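Here is the structure we will look at, set down as C-alpha cells.
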Amino acid sequence: MVWATLLHESWKRKQNLIANSWLVRDFHDATTERSDFRYETAIDPKTQEQVKITLRRGWLVQMIVGVPLSIMFMVLVVSSQLVMLYWDYQQNKSW
C-alpha cells in the first residue's frame, strides 16, 4: 500500500514538472470531443456546472469481459502452483 502511494505521488510530481516546463497548465484541446458522442446533460450540485454523462453502459461491458478474464487468470495461477507442487512431489518421491 505504501509503494502505491509513493508511486502515485511521484507520478503527480513528474506530471507537474512536465506541465510547467512545457507551459501546458489548464490546457484544453477542443479536438478531443467527438461529434458522435452521445450524452445527456446534468448539473453538478457542488459546482453548479453543466456536465456531460455518457449514455453508454460501459460498466456492463467491463463486467462481461473483466470478470471472466480475471477468473481465468486466477485459475491459471492456482493450476500452475498445483502443477509445480505435484512435480516437486514426484521428484522427491523417487529418493
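The values are calculated or read from the model by the stated rules, or taken from the named source; none is laboratory data. As the structure is a prediction and not an experimental result, all values here were calculated from the model. Cβ: placed from backbone, ideal geometry, glycine included. Neighbour counts: every protein chain shown.
Some observations on this one:
- Selection within the range 53-95 - in a loop (DSSP other than H, G, I, E, B) and either touching a His at 6+ places or on another chain (Cβ under 6 Å) or loosely packed, with under 10 Cβ neighbours inside 10 Å (or both): Leu55, Arg57, Ser94, Trp95
- Figure legend. Inter-residue proximity from the range 39-51: first residues without any contact (Cβ under 8 Å) to a residue 60 or more places away in the chain and among the charged types (D, E, K, R), second residues exposed (fewer than 10 other Cβ atoms within 10 Å of the Cβ) and part of a strand (DSSP E or B), beta-carbon distance below 7 Å, spacing 6+ or different chains. Indicated pairs: Glu40/Ile53.
- Residue match in the range 40-52 (condition: part of a loop (DSSP other than H, G, I, E, B), loosely packed, with under 10 Cβ neighbours inside 10 Å and touching a Leu at 6+ places or on another chain (Cβ under 6 Å)): no
- Close Cβ contacts (under 7 Å, 6 or more residues apart or on different chains) running from residues in the range 4-18 that are modelled with pLDDT of 90 or more to residues that are not acidic (Asp, Glu) are absent.
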